[in-house]
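This report concerns only the one structure given below.
The values are calculated or read from the model by the stated rules, or taken from the named source; none is laboratory data. All values reported here derive from a predicted model rather than from experimental measurement. Here the Cβ positions follow ideal geometry from the backbone for every residue, glycine too, while neighbour counts run over all protein chains shown.
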Amino acid sequence: MKTKFFPILFASTLLVLSMPLASVAEKNIPKVDKEFYPYAPSLIKWDKTSAGFNEPATCGECHPDKFEEWSSSMHAMAFQDPVYQGELHAAIEAVGHDIARQCEGCHTAAAVVQGEIKGAGFKGLSPLAMSGVSCDVCHSIKSHTHWQTPTHQPENGSLVLSPGKEGPDGPVLTKYGPFPPEEGCGEGFHECVESPLHLTSELCASCHQVNHYETHTPLEATYTEWKNGPYAVNNIQCQDCHMVDIETFKRSADDFIRPQRSEYRHYFNGANFLLYHLSELAAKKAGNDELAANAHKKFEMAVARLQAAAELEVSPVYRNGNLAEIKVRVKNKRAGHNLPTSLNNIRQMWLEITAKDGKGNILMSSGTVNAAGKLPEDVRIFNSEGQHEGFHFAIDPWEIQSFGKNNTIPPKGYSDVYYGLAAPKGTPLTIEVKLRYRQADQKVAEKLLGHVPEDINLEAIYGIKEIPALPIIDMINTVVTINK
Ligand code: HEC
Ligand code: HEC
Ligand code: HEC
Ligand code: HEC
Ligand code: HEC
């Protein structure tokens with residue numbers, strides 16, 4: 001008897017003892033070594049010498065084609081982007097100035113290490129700080145610290161910047177790129193160093209993997225999505241889709257063939273057609289037609305990329321001989337990561353469907369935006385939803401600690417959506433399905449753009465008095481006739 005009783009007593013004692021511990025849940029937050037990462041919460045590092053960074057216009061004197069391709073790219077816009085500035089402003093107000101280093105470590109890295117961190121706004125900043133992810137950010141990247149980060153993965157700018165070294169007669173600039181060193185490379189302005197890193201996704205990883213500034217929860221995981229997918233296995237890197245034109249990107253995605261060296265371009269073109277549109281407005285306002293045309297070209301490229309990304313399949317589902325449901329399969333055909341990716345708690349990609357009978361009467365519809373730009377509650381949307389500490393809905397990156405939902409579509413994967421639609425067999429139906437995309441919900445965009453710091457005047461820069469209805473792009477539009 002006694003021996004049987006004993007373990008029970010023991011177990012219950014343990015239970016009682018452990019209760020206070022469990023109720024004061026201990027947080028498992030990784031510590032950041034501030035000596036190793038002096039700009040924490042950004043994990044950027046700087047090999048400090050007397051060699052400085054140069055602004056893009058200087059590089060552009062000898063590399064005019066690269067300069068033109070990079071201009072008005074999202075990298076060129078990364079700091080001046082008014083959506084970013086609005087959110088940066090809100091971040092600093094919410095949790096204090098230190099968080100600015102985390103944001104700026106990716107949005108304008110050279111400014112952070114040079115101590116040009118003044119918070120949101122443009123006042124008193126050098127052209128280098130204003131130029132965001134500039135030439136000399138990427139081409140000063142000597143190495144990364146992906147295995148030394150708190151998560152032992154690339155995150156929050158875990159790159160080492162080394163713009164140059166001390167030479168016998170003063171500083172010598174060193175630029176890291178794809179070529180083996182050649183006599184005269186850099187024409188006396190800089191030395192050249194061959195960098196295999198620049199030909200892989202690892203270069204992009206540190207900035208395209210955004211983790212929470214304290215808990216290190218992955219918030220934007222484009223790199224990991226890519227790494228866990230078929231493109232990584234088949235040696236198709238970020239550069240092979242984002243540093244080439246549309247036709248070459250399609251070939252990389254469809255045939256897993258890496259582009260030739262001569263095919264690479266500094267476009268870094270993704271999905272953000274809204275920002276290209278704003279850049280075009282700004283260039284026009286400033287009277288720079290050439291830059292406006294450049295931004296417009298990038299707008300068209302982003303739209304074309306979105307329109308090449310997915311595929312739709314619409315099919316009827318019958319039960320007991322009658323039509324019961326419409327099945328829509330959305331395939332991620334050409335995005336190297338999830339579709340959508342990155343800020344997918346903000347980006348909106350959804351299905352709009354309309355089913356009509358032979359006389360044109362609407363039998364069923366879903367996903368139509370109302371006049372105020374709002375999506376209906378029951379919309380079928382592919383996104384993620386962040387939650388804060390108490391597991392309630394949260395949208396801001398300093399609040400999100402987990403995700404309550406994520407139904408973005410993995411690379412080369414698909415997602416099925418069903419719509420109930422009862423009709424006897426033989427009733428002909430016309431079904432129109434659209435896959436639609438915009439950068440954000442209208443209200444979210446209004447909030448962020450409405451919160452830019454005082455020295456950014458949207459009317460003076462972009463010529464906009466109020467936030468217009470956000471443009472929506474149809475990624476695909478399919479009309480099928482079924483149930484005949
Ligand atoms: C690890 C690098 C990194 C850090 C840290 C980071 N960002 Fe970003 N941010 C990015 C990248 C990459 C994108 C582009 C993603 C995309 O376009 O989907 C982006 C996009 C954004 C956008 C969307 C811009 C637009 O035009 O739609 C906002 C807003 C933003 N970041 C704000 C912030 C704020 C505020 C912080 C700090 C709290 C921050 N970011 C920290 C890398 C970073
Ligand atoms: C986001 C990172 C990034 C930025 C910003 C960037 N580059 Fe590059 N650059 C790369 C990568 C990656 C390659 C290698 C791809 C290739 O083979 O062209 C490259 C290649 C190059 C090359 C050698 C390839 C050739 O065809 O000559 C030059 C020169 C160059 N970049 C100059 C520039 C200049 C000038 C700017 C600014 C106007 C710039 N880069 C901005 C990432 C970047
Ligand atoms: C005085 C002219 C000159 C200036 C200014 C200049 N470069 Fe270069 N750079 C060259 C030449 C010439 C080459 C070799 C041929 C080529 O790639 O165009 C070169 C090559 C490169 C390469 C390829 C290195 C490799 O080994 O793969 C990169 C990257 C690069 N430059 C980046 C930059 C950046 C960034 C700046 C601005 C900080 C800059 N360059 C400014 C002349 C210049
Ligand atoms: C130093 C950090 C940094 C590095 C390195 C970097 N990026 Fe970015 N990238 C950003 C930031 C920040 C943005 C977002 C700017 C914004 O939205 O305001 C961005 C935006 C982009 C976009 C545009 C996204 C859109 O919504 O249209 C693409 C595409 C992109 N990067 C690709 C790359 C590729 C490919 C590489 C590697 C060759 C790379 N990036 C390296 C920081 C970086
Ligand atoms: C096989 C081609 C392919 C590869 C490889 C690829 N992408 Fe993309 N990427 C796309 C397409 C297509 C889109 C537009 C659809 C979308 O937003 O997902 C896109 C969109 C993006 C966006 C904009 C997201 C948004 O909605 O704001 C970013 C940022 C980005 N890619 C970064 C990367 C990075 C970083 C890598 C490497 C880790 C990478 N991509 C690899 C094809 C690719």
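General remarks:
- Which numbered condition Leu128 misses (of (1) touching a His at 6+ places or on another chain (Cβ under 9 Å); (2) over 11 Å from Ala78 (Cβ atoms); (3) not in a loop (DSSP other than H, G, I, E, B)): (1)
- Single residue of Pro453, Pro428, Pro471 found to be surrounded by fewer than 19 Cβ atoms within 10 Å (Cβ to Cβ), farther than 30 Å from Val314 by Cβ and either in the same structural domain as Ala355 (by TED's automatic domain parsing) or not acidic (Asp, Glu) (or both): Pro453
- The criterion of being modelled with pLDDT of 95 or more, more than 16 Å from ligand 4 (Cβ to nearest atom) and among the β-branched types (Val, Ile, Thr) holds for Thr174.
- For segment 415-428, the criterion of being touching a residue at least 40 places away in the same chain (Cβ under 8 Å), away from ligand 5 (no atom under 16 Å from the Cβ), more than 26 Å from the chain's Cα centre (by Cα) and on the phi > 0 side of the Ramachandran plot is met by at least one residue.
- Of everything listed in (1) outside the structural domain of Gly105 (by TED's automatic domain parsing); (2) of a type outside the set (Phe, Trp, Tyr); (3) within 14 Å of ligand 4 (Cβ to nearest atom), the single unmet condition for Arg251 is (3).
- Filter result for Glu225 (under 25 Å from Cys135 (Cβ atoms), out of contact with any Lys or Arg (no Cβ under 9 Å at 6 or more places or on another chain) and at pLDDT 95 or above): no
- Qualifying residue in segment 85-93 (condition: touching a residue at least 40 places away in the same chain (Cβ under 8 Å), on the phi < 0 side of the Ramachandran plot, surrounded by fewer than 22 Cβ atoms within 10 Å (Cβ to Cβ) and not in a helix (DSSP H, G or I)): no
- When segment 386-425 is filtered for residues that are part of a strand (DSSP E or B) and among the hydrophobic types (A, V, I, L, M, F, W, C), the ones remaining, listed by number, are Phe393, Ala394, Phe403, Ile409, Val417, Leu421, Ala422, Ala423.
- Filter pass, Thr174 being of a type in the set (S, T, N, Q), touching a Lys or Arg at 6+ places or on another chain (Cβ under 9 Å) and not in a loop (DSSP other than H, G, I, E, B): yes
- Enumeration of residues in segment 350-403 that are exposed (fewer than 13 other Cβ atoms within 10 Å of the Cβ), within 30 Å of His212 (Cβ to Cβ) and out of contact with any helix residue (DSSP H, G or I) (no Cβ under 9 Å at 6 or more places or on another chain): Glu377, Glu389, Gly390, Phe391, His392
- Any hit, segment 316-332, residues being surrounded by 18 or more Cβ atoms within 10 Å (Cβ to Cβ) and free of Cβ contacts under 8 Å to residues at least 24 places away in the same chain: no
- Search result, residues across segment 308-324 that are over 30 Å from Thr248 (Cα atoms) and of a type outside the set (Val, Ile, Thr): Ser315, Pro316, Tyr318, Arg319, Asn320, Gly321, Asn322, Leu323, Ala324
- Checking each residue in segment 262-303 for being closer than 11 Å to Asp245 by Cα, within 14 Å of ligand 1 (Cβ to nearest atom) and part of a helix (DSSP H, G or I) picks out Lys298, Ala302.
- For segment 146-161, taking the residues that are closer than 17 Å to Asp47 by Cβ and surrounded by fewer than 19 Cβ atoms within 10 Å (Cβ to Cβ), the one that is nearest to ligand 3 (Cβ to nearest atom) is identified as Val160.
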